[in-house]
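Have a look at the structure below before the remarks.
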Amino acid sequence: LDDVLHSRVPPALGIARGKATAGDAAMAATWQQLRAKAMDTDDELFHILLYDWMLIDEHRPRLEAQLLASHTPFLERYLKATSVDLLCKYYIRTGKYEPAALILMKLAEARGGGGGGGEQHDGP
């Protein structure tokens, strides 16, 4: 995957480096075909590895949106286990606003923005 992604930076990946060439268009098409085929597999472990690869630091800026737009049976469970931030973005993208709001509320409460006054403690 790295070879396909790095041999040329296709415009479809959202990065402009100079002028697009016919080779860039072909590479973008190859990436889209490869990603579509990979997302169609029913092997959950493969999906986990693919999601991990898509979210490593050097790929994340280009591939995060593509991952969140994916409709796979494994993505929500993966995000629940790995990234509350991306899970919230996924819920918003898929129109699941209530779970997204609950996540944001829990994050706010965990950071001390719970509102409603202080907690009462018994004892010294």
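The values are calculated or read from the model by the stated rules, or taken from the named source; none is laboratory data. For clarity, every value in this text was computed on a predicted model and none was experimentally measured. For accessibility, only protein heavy atoms count, side chains too; no ligands or nucleic acids. Shrake-Rupley method; radii C 1.70, N 1.55, O 1.52, S 1.80 Å.
Please work out which one of (1) modelled with pLDDT under 95; (2) under 12 Å from the mean Cα position of the chain (by Cα) is the condition residue 78 fails and give its number.
Evaluating residue 78 over (1) modelled with pLDDT under 95; (2) under 12 Å from the mean Cα position of the chain (by Cα) leaves (1) as the failure.
Just to verify a result, which residue in the stretch 6-29, among those that are in a loop (DSSP other than H, G, I, E, B) and at pLDDT 55 or above, is most open to solvent (accessible area, probe 1.4 Å)?
Looking at the filtered set, the residue picked out is 19.
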